[in-house]
Amino acid sequence: YVYGYYLPKTSAATFQITAGLAPENFQRAIDILKEQINKIKNDPVSEMELSDAKSFAIGRMPLDLETNEQAAALISDLEYQGRPFDSIDKYPSVIEKITADDIMRVARKYMTDFYAIGAAGPATPPVP
């Protein structure tokens, strides 16, 4: 499995990629992840992929607010980040405005070659 996620903070943020793999595939996984990051920076996503991602992000939001705990966590995050509460209402229109060029521009700016790799497993995984 592989998935990525963004962790916003007040003065910085991290984009993290997590993967589960066999130790012998460690270097191959690192190489593939680097290739995919370069692809995000340099190749525009297709209209279909962008449309699907927008639909997923917008459609998922109500699910992320189903419980009082989830709503309180979102409101707490907005307060922590200094963002207005109406960000919740504006979210769909903000997402709809994202273009393939926006994705590449932001990826080039923030997805640098400065990264940290952590591994759990055997004591001797190959280090890139």
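The values are calculated or read from the model by the stated rules, or taken from the named source; none is laboratory data. Note that the structure is predicted; figures quoted are calculated from it, not measured. Here the Cβ positions follow ideal geometry from the backbone for every residue, glycine too, while neighbour counts run over all protein chains shown. The area values use the complete protein model at the heavy-atom level, side chains included, leaving out ligands, DNA and RNA. Shrake-Rupley method; radii C 1.70, N 1.55, O 1.52, S 1.80 Å.
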Handout entry: Probe 1.4 Å - accessible area at PHE85, Å² to nearest ten
Key = 110 Å²
Fill in the blank from the handout: The alpha-carbon center of the stretch 28-51 and that of the stretch 70-119 are separated, in whole Å, by 18 Å
Exercise for the section: Report the FRET efficiency, 1/(1 + (r/R0)^6), for LEU63 and ARG105, where r is their Cβ-Cβ distance and R0 is 22 Å, rounded to 0.05. Expected result: 0.15
Handout entry: Prolate/oblate/rounded label for the chain (Cα gyration tensor, a/c 1.5)
Key = prolate
Practice task
Could you tell me how many degrees, from 0 to 90 and to the nearest 10, lie between the Cα long axis of helix 100-110 and the main elongation axis, the longest principal axis, of the Cα atoms of the chain?
Solution key: 60 degrees
Practice task
May I ask you to list the lysines whose Cα is less than 20 Å away from that of LYS54, ignoring any residue fewer than eight positions away on the same chain?
Solution key: LYS39, LYS41, LYS90, LYS97
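Calculate what fraction, in whole %, of the accessible area of the stretch 1-107 sits on carbon and sulfur atoms when a 1.4 Å probe is rolled over the protein chains.
On the way: 4450 of 7850 Å².
Ligands and nucleic acids excluded, carbon and sulfur reach 57 percent.
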Fill in the blank from the handout: Within the set THR67, THR14, THR99, GNM on the chain using Cα springs under 10 Å gives the largest fluctuation to THR67
Practice task
Sum -39500 (n - 2.57) across every DSSP H segment of at least 4 residues in the chain, then divide by the residue count to get the 222 nm mean residue ellipticity, nearest 500.
Solution key: -16500 deg cm²/dmol
Practice task
Starting at the first residue of the stretch 17-33, write each ³J(HN,Hα) from the Karplus equation 6.51 cos²θ - 1.76 cosθ + 1.60 with θ = phi - 60°, in whole Hz, x for Gly and Pro.
Solution key: 10, 10, 9, x, 7, 6, x, 5, 9, 4, 5, 4, 5, 4, 4, 5, 4
Fill in the blank from the handout: SASA check, ILE58, accessible area w/ 1.4 Å probe, all protein chains in place, rounded to nearest 10 Å², comes out at 40 Å²
Exercise for the section: Taking only Cα atoms and a 10 Å spring cutoff, compute GNM fluctuations for the chain and point out the largest among LYS34, LYS97, LYS54. Expected result: LYS97
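Near ASP113, within a Cβ-to-Cβ distance under 12 Å, what is the net charge of the other residues, with Lys and Arg +1 and Asp and Glu -1?
On the way: positive: LYS34, LYS41, ARG108; negative: none.
The answer is +3.
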Practice task
Under a cut-off of 18 Å between alpha-carbon atoms, report the aspartates and glutamates in cross-link reach of LYS109, not counting same-chain residues fewer than 8 places apart.
Solution key: GLU35, ASP43, ASP101
